[in-house]
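The values are calculated or read from the model by the stated rules, or taken from the named source; none is laboratory data. Fair warning: this is a prediction, and the values are worked out from it, not measured in the lab. Reconstructed Cβ throughout: ideal geometry from the backbone, glycine too, with neighbour counts over all protein chains shown. For the accessible areas, the whole protein counts, side chains as well, though only heavy atoms, and no ligand, DNA or RNA atoms are used. Shrake-Rupley method; radii C 1.70, N 1.55, O 1.52, S 1.80 Å.
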Amino acid sequence: PPAVILDLDETVLDNTPFEAHLIKSRRPFVREEWDLWVEKASAGAVPGALKFIAEAQKKGITVFFVTNRRDYQEVPTRRNLAKLGVALDQDIDSVLSEGEGISNWPPDKTYRRRYLSKKYRILLLIGDDLGDFIEGAMESPDERLHLARQNMHRWGISWFLIPNPIYGSWEMSLHPKSLSDAEILTLKRRLVRDSHYE
């Protein structure tokens, strides 16, 4: 049977208020604060997402959400989707979270996509990060570009990337993981092209 796979954060769920809170308070991402935000189940929808989901379901296409929200966040995530009017299938697990169930899904979404592709014909992948489509998202920028180019025949046909300039694997691929927040900020400033104008 046909199915589509969507990421959740910044693909279906709009977490801009949470990101704005971090910016205004000049704080980096902190897992505990993110957990509180998810528990509120008050994220809005990314424009067009709800209409797309409803249309796919109306056509008999099963919609799966493959997310790196943790397994303990699945209940409030489902609550948030329900508040937005997303009808989740009661007979199957359509929200596949990181660390979930006996499979204990890792952050790499490849395993979950592979699992679904054994039972469904995946028509589309939709996400906001290279990792929503392919392994290797945490590699260097050059390697990421190479991976993206290898799959040129899929982009805009069966793979749809929603722009996310706020965060993602693209950002983490720019620096070693051992850097402090201050060092990361310094490096980012160095990487940003000169944008002076008169």
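Quick notes
So that you can scan it fast, the table gives a plain yes or no per residue for (1) in a loop (DSSP other than H, G, I, E, B); (2) touching a Leu at 6+ places or on another chain (Cβ under 6 Å); (3) at pLDDT below 95:
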| residue | (1), (2), (3) |
| --- | --- |
| GLU74 | no, no, no |
| ASP108 | yes, no, yes |
| LEU116 | no, no, no |
| LEU123 | no, no, no |
| LEU145 | no, no, yes |
| PRO165 | yes, no, yes |
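- Qualifying residue in region 32-46 (condition: in contact with a strand residue (DSSP E or B) (Cβ under 7 Å, 6 or more places away or on another chain), among the hydroxyl-bearing types (Ser, Thr, Tyr) and closer than 25 Å to PRO163 by Cβ): no
- Of the residues making up region 125-143, those that are part of a loop (DSSP other than H, G, I, E, B), open to solvent by less than 50 Å² (accessible area, probe 1.4 Å) and in contact with a helix residue (DSSP H, G or I) (Cβ under 8 Å, 6 or more places away or on another chain) are ASP129, ILE134, GLY136, ALA137.
- Condition broken by GLU32, with the remaining ones in (1) touching a Pro at 6+ places or on another chain (Cβ under 8 Å); (2) free of Cβ contacts under 8 Å to residues at least 40 places away in the same chain; (3) loosely packed, with under 11 Cβ neighbours inside 10 Å satisfied: (1)
- Of all residues in region 57-110, those satisfying the criterion of being small (Gly, Ala, Ser), surrounded by fewer than 19 Cβ atoms within 10 Å (Cβ to Cβ) and on the phi < 0 side of the Ramachandran plot are ALA82, ALA87, SER103.
- Answer from THR16, THR67, THR62 - the residue that is out of contact with any Leu (no Cβ under 6 Å at 6 or more places or on another chain), modelled with pLDDT of 95 or more and polar (S, T, N, Q): THR62
- GLU19 open to solvent by less than 60 Å² (accessible area, probe 1.4 Å) and closer than 30 Å to LEU179 by Cα: yes
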